[in-house]
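Asker: Take this structure first; my questions come after.
The values are calculated or read from the model by the stated rules, or taken from the named source; none is laboratory data. In this text the structure is predicted, and so the values were computed from the model without any measurement. Every residue, glycine among them, receives a Cβ derived from its backbone with ideal geometry; neighbour counts consider all protein chains shown.
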Amino acid sequence: MDGAHKGNGIDGTRKSQAIIDTPFTAEKARALRAGDVVFLSGTIVTARDATHERLLDATVKIPDLLAKALGHKVLYHCGPVAKKNPDGTWDIKAAGPTTSARMSVVENDVMKRHDVHAIIGKAGMHGVDWHGLGGCYLAFVGGAALLARQAIKRIVDVAWIDLGIPEAAWILEVERFGPLIVAQDAHGGDLYRDVVERARKRNK
């Protein structure tokens, strides 16, 4: 991790709080544990359903700037609200997370093909081999669209705008993007599973 210190986790135990620069490597992912808090600086790429499909389509050429951005190894499940200016530039007005579960069925393949090691989103995923891929799921609290927007310092580019603004692949330069909670880690830690298990025990 690029910078870390200890703090109280959401379960009251001592957890790490880290500022991590992209590229987000497998080594950085494996250094984290469920409950840790992360702030990201660097380059991230937004990806909803349609972008996931294109990332897996062998007949589609990945634009050069998008290929370079994917080298930073972070996908953000987000459909931003954006407006195009008269000079052709874009402004993003809001950039909160979208629910990640529906991308679960293809995420293993996307992460493996493009060497991605961090997924940012909302509400977790199922069936993703975080351990085998050397990756982790970073949860951004829902309803924080404006908070996310404040951490976006620059729109580097947008690919596949033909998919529509929410579904396009936005390449974003961010600074201290977060707070992000490591909800699913590369060691089998899963905060969502833990909450369900605690609830079941309580109801017995």
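Asker: Exactly one of these conditions fails for H52: (1) in contact with a helix residue (DSSP H, G or I) (Cβ under 9 Å, 6 or more places away or on another chain); (2) surrounded by 18 or more Cβ atoms within 10 Å (Cβ to Cβ); (3) not in a helix (DSSP H, G or I). Give me its number.
Answerer: Single failed check for H52: (3).
Asker: Considering the range 1-22 alone, what residues qualify as being outside any strand (DSSP E or B) and at pLDDT 95 or above?
Answerer: Answer for the range 1-22, where residues must be outside any strand (DSSP E or B) and at pLDDT 95 or above: just T22.
Asker: Right, next: List the residue pairs whose Cβ atoms are under 6 Å apart, where the first residue sits in the range 20-46 and is under 13 Å from W130 (Cβ atoms), the second is modelled with pLDDT under 95, and the two are 6 or more positions apart or on different chains.
Answerer: Listed pairs, sorted by first residue: none to list.
Asker: Please determine, by comparing only the residues of the range 145-204 that are among the acidic types (D, E) and modelled with pLDDT of 95 or more, which one is surrounded by the fewest Cβ atoms within 10 Å (Cβ to Cβ).
Answerer: D162
Asker: What pairs come out if I take residues in the range 67-93 that are farther than 13 Å from I44 by Cα and pair them with residues that are part of a helix (DSSP H, G or I) whose C-beta lies under 7 Å away, six or more apart or interchain?
Answerer: I92/R149; K93/R149
Asker: Could you tell me which of the residues I119, I92 is of a type in the set (V, I, T) and touching a Lys or Arg at 6+ places or on another chain (Cβ under 9 Å)?
Answerer: I92
Asker: Return the pairs, sorted by first residue and then second, in which the second residue is polar (S, T, N, Q) and surrounded by fewer than 16 Cβ atoms within 10 Å (Cβ to Cβ), the first residue lies in the range 133-160 and is within 21 Å of D49 (Cα to Cα), the beta carbons are less than 9 Å apart, and the residues are 6+ apart or on different chains.
Answerer: Close Cβ pairs (under 9 Å, with a partner that is polar (S, T, N, Q) and surrounded by fewer than 16 Cβ atoms within 10 Å (Cβ to Cβ)) amount to G142/T99; I155/T89.
Asker: Working carefully through the options T51, T89, T25, find the one that is modelled with pLDDT of 95 or more and touching a strand residue (DSSP E or B) at 6+ places or on another chain (Cβ under 6 Å).
Answerer: Sole residue among the options that is modelled with pLDDT of 95 or more and touching a strand residue (DSSP E or B) at 6+ places or on another chain (Cβ under 6 Å): T51.
Asker: Find the strands (runs of 3 or more DSSP E) located wholly in the range 95-204 whose residues include 2 or more that are within 21 Å of G35 (Cβ to Cβ), and list them.
Answerer: Of the strands (runs of 3 or more DSSP E) lying wholly inside the range 95-204, those with at least 2 residues that are within 21 Å of G35 (Cβ to Cβ) span 118-121, 136-139, 169-184.
Asker: Report, ordered by the first and then the second residue, all pairs with beta carbons closer than 8 Å, sequence separation of six or more or different chains, a first member in the range 178-197 that is on the phi > 0 side of the Ramachandran plot, and a second member that is small (G, A, S) and not in a loop (DSSP other than H, G, I, E, B).
Answerer: From the range 178-197, the pairs are G178/A151.
The rows are residues; the columns are (1) small (G, A, S); (2) surrounded by fewer than 14 Cβ atoms within 10 Å (Cβ to Cβ); (3) part of a loop (DSSP other than H, G, I, E, B).
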{"position": "T43", "(1), (2), (3)": "no, no, no"}
{"position": "A69", "(1), (2), (3)": "yes, no, no"}
{"position": "A82", "(1), (2), (3)": "yes, no, no"}
{"position": "G88", "(1), (2), (3)": "yes, yes, yes"}
